[in-house]
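Okay, so here's the structure we're looking at.
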Amino acid sequence: MRLSRYFLPTLKETPSDAQIVSHRYMLRAGMVRQASAGIYSWLPLGLRVLRRIEQIVREEQDATGAREILMPTIQPADLWRESGRYDDYGKEMLRITDRHDRDMLYGPTNEELITDIVRREIKSYRDLPQNLYHIQWKFRDEVRPRFGVMRGREFLMKDNYSFDLNYEGARHSYNKMFVSYLRTFARMGLKAIPMRAETGPIGGDLSHEFIILADTGESAVYCHKDLLGFDITDQDIDFDADLQPIVDHWTSLYAAADEMHDPDSCPVAKEDLLEARGIEVGHIFYFGTKYSDAMNAKVTGPDGNEVAVEMGSYGIGVSRLVGGIIEASHDDRGIIWPDAVAPFHVGLINLRVSDDACNAACEDMYAKLMAAGIEVLYDERDASAGAKFADMDLIGLPWQVIVGPKGIGAGTVEVKRRATGETENLSPEQAIAKLAG
RNA sequence: CGGGGUGUAGCUCAGCCUGGUAGAGCACCGGCUUUGGGAGCCGGGGGCCGGAGGUUCGAAUCCUCUCGCCCCGACCA
């Protein structure tokens with residue numbers, strides 16, 4: 001992509017209403033613009049990151065056997081009256097009336113809709129288990145939106161819902177998501193720690209929040225420091241196998257969010273206890289037959305009797321992750337994208353567009369990088385070197401290739417790793433080989 | 001929803017206390033010169049000072065009401 005033909009409105013100065021670092025950088029890097037409190041438009045660079053994250057989530061969901069659907073943003077109020085939540089939800093739910101004076105709402109979540117779909121179509125235990133997900137915009141009319149996209153009113157969320165015949169099946173569905181979430185966040189370059197969460201009226205041990213650590217996290221978290229060394233990426237997972245050992249391993253060490261932590265009864269020795277700030281990026285829980293009972297979602301079991309299906313629901317805050325990743329990965333010059341979610345792999349900087357040799361070298365490099373399947377953002381604007389360096393550091397692409405008259409004379413280009421600042425002078429061929437590898 | 005703050009050019013802000021008809025830097029447009037970490041000079045465009053009402057000869061400035069946005073708390077993916 002040629003930068004002069006892209007839409008990347010970067011800001012040199014920090015907009016005054018952005019306080020935390022991810023919000024400031026998302027505005028400055030031209031990723032989003034605010035439409036209203038907690039509601040954002042996504043500009044090209046931000047959208048690319050959002051799509052990257054979404055795709056990783058999608059692939060990891062598919063790998064578990066979950067199936068993607070797409071439910072609407074606007075839902076009829078009647079379904080929520082069935083479950084009893086229309087009155088319970090309060091002002092967080094955005095209520096709308098259509099032209100026929102029917103009560104509608106902008107969905108804050110989708111248990112009612114999915115339960116309605118499943119109860120119509122799933123009649124026999126033979127049709128179970130089932131796990132359906134979608135990635136869709138939600139709206140919760142937060143009293144106080146803040147932190148940019150991390151606590152918006154409108155947000156993109158992956159949510160899915162599992163349906164099983166019995167508790168054992170539901171538990172396996174839950175474990176699948178538990179393991180899947182570990183893999184999903186690890187692929188994004190994040191260290192996410194599962195923590196016991198409040199389970200509400202159902203009780204039991206089947207609710208976990210997945211929290212990434214960042215100094216600016218919104219809540220305090222406490223965990224055994226050895227948890228940071230756990231790794232899920234070094235093993236192949238068979239989602240049909242018993243996943244309980246993996247879950248047991250990850251839950252063997254203490255980890256608790258603020259509201260679940262009691263310093264007096266904490267089993268971890270002080271020197272082993274990590275106190276940090278965290279951002280919740282995922283939440284999974286089992287809720288049994290809460291909705292299937294209320295909404296009459298039953299199947300005929302092997303014994304010929306009807307039973308309410310066992311359900312669980314699982315959420316990942318896709319748009320929140322964009323901010324969360326920045327919180328976890330930045331420096332004082334800008335964003336440092338993990339490779340897996342970076343909007344482009346390489347930023348190519350032409351330091352002197354008025355120089356024929358420099359242009360020719362850049363054009364050649366640009367064409368060859370693209371031919372190698374590498375996503376490149378090519379800064380061929382007629383701007384000062386300093387401005388280009390500053391913008392490229394700000395938008396945080398993993399690699400920079402800097403082409404200027406100095407290097408051209410020596411037959412080299414400069415390859416810089418954004419995260420470390422390390423640079424190497426390489427021939428164009430060596431540079432391409434390095435970036436492709 | 002309680003408490004606090006803020007609204008002046010695209011952005012960051014000054015001017016307000018002590019009323020006299022709007023400014024700076026950056027950005028933008030034109031020209032020339034520059035060119036390895038947000039360049040220089042010259043010229044230019046852009047603002048019903050969030051909105052409504054009031055006081056006054058006169059309001060960005062004082063008063064009242066209202067709306068937006070931000071921060072702290074309670075609440076939350």
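The values are calculated or read from the model by the stated rules, or taken from the named source; none is laboratory data. Everything quoted here is computed from the prediction, not taken from an experiment. Glycine also receives a Cβ, built like all others from the backbone with ideal geometry; neighbour counts cover every protein chain displayed. Accessible surface is based on the protein model in full, side chains and every heavy atom, while ligands, DNA and RNA are left aside. Shrake-Rupley method; radii C 1.70, N 1.55, O 1.52, S 1.80 Å.
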If you check every pair at least six apart or on different chains, which have Cβ atoms under 7 Å apart with a residue in the stretch A:11-28 that is closer than 17 Å to residue A:42 by Cβ first and a residue that is of a type in the set (Lys, Arg) and near RNA strand B (Cβ under 7 Å from one of its atoms) second?
A:11/A:28
Extreme residue, surrounded by the most Cβ atoms within 10 Å (Cβ to Cβ), among residues of the stretch A:420-437 that are aliphatic (A, V, I, L, M) and within 13 Å of RNA strand B (Cβ to nearest atom)
A:431
Of the residues in the stretch A:392-412, those that are open to solvent by 30 Å² or more (accessible area, probe 1.4 Å), in contact with a Leu (Cβ under 8 Å, 6 or more places away or on another chain) and within 7 Å of RNA strand B (Cβ to nearest atom) come to A:405
Of these, A:34, A:61, which one is within 11 Å of RNA strand B (Cβ to nearest atom), surrounded by 14 or more Cβ atoms within 10 Å (Cβ to Cβ), within 20 Å of the chain's Cα centre (by Cα) and not charged (D, E, K, R)?
A:34
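For the stretch A:375-437, give me every one of the helices (runs of 4 or more DSSP H) that falls completely inside it and has 1 or more residues that are among the aliphatic types (A, V, I, L, M) and closer than 22 Å to residue A:14 by Cα.
Values: elements: A:385-395, A:405-410, A:428-436.
Where helices (runs of 4 or more DSSP H) fall fully within the stretch A:375-437 and carry at least 1 residues being among the aliphatic types (A, V, I, L, M) and closer than 22 Å to residue A:14 by Cα, they are A:385-395.
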Among (1) out of contact with any Lys or Arg (no Cβ under 8 Å at 6 or more places or on another chain); (2) within 14 Å of RNA strand B (Cβ to nearest atom), residue A:117 falls short only on (2)
Within 13 Å of RNA strand B (Cβ to nearest atom) and out of contact with any Pro (no Cβ under 6 Å at 6 or more places or on another chain): which single residue out of A:156, A:165 fits that description?
A:156
I'd like to check something: does the stretch A:85-100 contain any residue that is aromatic (Phe, Trp, Tyr), away from RNA strand B (no atom under 13 Å from the Cβ) and modelled with pLDDT under 95?
yes
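Is it the case that the stretch A:258-270 has a residue that's at pLDDT 95 or above, part of a loop (DSSP other than H, G, I, E, B) and either in contact with a strand residue (DSSP E or B) (Cβ under 6 Å, 6 or more places away or on another chain) or within 23 Å of residue A:162 (Cα to Cα) (or both)?
So in the stretch A:258-270, the residues at pLDDT 95 or above come out as none.
Among the residues of the stretch A:258-270, not one is at pLDDT 95 or above, part of a loop (DSSP other than H, G, I, E, B) and either in contact with a strand residue (DSSP E or B) (Cβ under 6 Å, 6 or more places away or on another chain) or within 23 Å of residue A:162 (Cα to Cα) (or both), which makes the answer no.
If a residue has to be assigned to a helix (DSSP H, G or I) and either surrounded by fewer than 24 Cβ atoms within 10 Å (Cβ to Cβ) or outside the structural domain of residue A:236 (by TED's automatic domain parsing) (or both) to count, how many in the stretch A:146-169 make the cut?
Taking the stretch A:146-169 and keeping what is assigned to a helix (DSSP H, G or I), we get A:148-150, A:167-169.
Subsequent filtering for residues that are either surrounded by fewer than 24 Cβ atoms within 10 Å (Cβ to Cβ) or outside the structural domain of residue A:236 (by TED's automatic domain parsing) (or both) retains A:167-169.
Count: 3.
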Subset of the stretch A:273-314 (residues that are buried (at least 22 other Cβ atoms within 10 Å of the Cβ), touching a Gly at 6+ places or on another chain (Cβ under 9 Å) and either small (Gly, Ala, Ser) or part of a helix (DSSP H, G or I) (or both))
A:278, A:282, A:312
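Wholly within the stretch A:72-133, which helices (runs of 4 or more DSSP H) include no fewer than the required count, namely at least 3 residues that are aliphatic (A, V, I, L, M) and within 30 Å of residue A:240 (Cα to Cα)?
Those helices (runs of 4 or more DSSP H) span A:111-121.
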